[in-house]
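What follows is a single structure, written as structure tokens, with notes after it.
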Amino acid sequence: MAKKQQEKSQQTMNELMASAIELFGKNGFVQTSVSEITEHAGYAKGSFYRHWNSKDELFLLIVEQKLKRYRETRNGKVDKATNLAEAMDVIWDFLESIINDKNWSSIFLEFTVYSAKSEILRKLMNKSVYRLSNEIFAELVRDHVETDFPPEKIGALNTALFEGYLIHRSLGTQVLSIKDVRQAAIALALSNGSKQS
């Protein structure tokens with residue numbers, strides 16, 4: 001009996017999460033209410049609050065799960081990299097897969113800006129489970145950095161370029177392509193992290 005209840009509870013969570021992702025993509029994070037999420041999924045509002053305390057908490061779980069799936073495909077590949085250029089290519093393939101998921105990258109950008117207004121959310125969003133943190137990036141490239149340039153700075157610069165590109169794309173500037181940003185980010189990493197010949 002308990003197993004059936006756990007399965008039903010997990011199914012409810014999955015359906016509410018799917019509803020939230022769909023509505024966040026359609027209307028934006030801020031404009032989507034808990035009532036809309038539950039109604040769209042066919043549940044009462046109480047079902048939502050049995051699993052999460054807030055829409056923020058739900059979104060953080062969605063981010064964590066999405067990034068975990070993206071990272072699983074990246075990690076095996078980055079382990080096979082033999083130099084900084086190869087490691088950076090793997091990382092930017094990973095970042096492009098996030099960018100190509102247009103609704104998701106827009107929602108993530110909106111939530112990142114939204115979280116900047118809350119000290120608690122801001123601290124949470126700086127944890128590695130919710131974004132490509134400087135520490136994670138540093139660990140991915142550390143073994144390939146040939147200079148004394150801190151790998152964390154390579155991570156911070158690449159994250160800034162990635163998030164800056166998301167902003168430009170959201171605004172529809174179309175001045176930079178992802179290819180432009182990728183090339184600049186890799187060139188910057190190599191100029192700082194590789195010994196010049």
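We did not get these values from a lab; they are worked out from the coordinates using the rules stated. A quick note: this is a predicted structure, and the numbers were derived from the prediction, not measured. Note that each Cβ is placed from the backbone with ideal geometry, even for glycine, and that neighbours are counted across all protein chains shown.
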Original post:
Under a point-charge model restricted to the Cβ atoms of Lys and Arg (+1) and Asp and Glu (-1), what is the dipole moment magnitude of segment 1-59 relative to its Cα centre, in debye to the nearest 20?
Top reply: 240
Original post:
So for the pair GLN6, ASP143, with labels modelled 7 Å out along Cα→Cβ, what separation do we get in nm?
Top reply: 3.6
Subject >> q = 0.16, 0.24 Å⁻¹: log10 I(q)/I(0) that the Debye formula gives for segment 41-84, counting C-alpha atoms only >> reply: -0.59, -0.85
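So if we plug the beta-carbon distance of GLN183 and LYS127 into 1/(1 + (r/R0)^6) with R0 = 30 Å, what FRET efficiency do we get, rounded to 0.05?
Computed FRET efficiency for GLN183 and LYS127 comes out at 0.50.
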Original post:
Under the definition of Cα pairs under 8 Å and six or more residues apart, what whole-number percent is the relative contact order of segment 8-50?
Top reply: 38
**OP:** Taking a cut-off of 26 Å between Cα atoms, list the lysines near LYS102, but don't count ones fewer than 8 places away on the same chain.
**Re:** LYS26, LYS55, LYS66, LYS68, LYS77, LYS117, LYS123, LYS127, LYS179
**OP:** Please give, to one decimal in nm, the separation of the simple spin-label points placed at ALA18 and THR82, each 7 Å out from Cα toward the Cβ.
**Re:** 4.4
**OP:** Choose one answer from MET88, MET13, MET125: the residue with the largest mean-square fluctuation in a GNM of the chain with alpha-carbon springs under 10 Å.
**Re:** MET13
**OP:** Starting with the highest mean, order 157-166, 30-39 by the number of other Cβ atoms within 10 Å, averaged over the residues of each peptide.
**Re:** 157-166, 30-39
Original post:
Stretched out fully, how many nm does the piece from GLU152 to GLN174 gain, at 0.36 nm a residue minus the Cα gap?
Top reply: 5.0 nm
Subject >> Rounded if a/c under 1.5, otherwise prolate or oblate - segment 1-52, Cα gyration tensor axes >> reply: prolate
Original post:
Over the Cα atoms of the chain, Rg to Rh with Kirkwood Rh, two decimal places?
Top reply: 1.04
Subject >> Neighbour-count order for LEU121, LEU84, fewest beta carbons within 10 angstrom listed first >> reply: LEU121, LEU84
Original post:
Based on DSSP H runs of at least 4 residues, each adding -39500 (n - 2.57), what is the mean residue ellipticity at 222 nm of the chain after dividing by all its residues, to the nearest 500 deg cm²/dmol?
Top reply: -24500 deg cm²/dmol
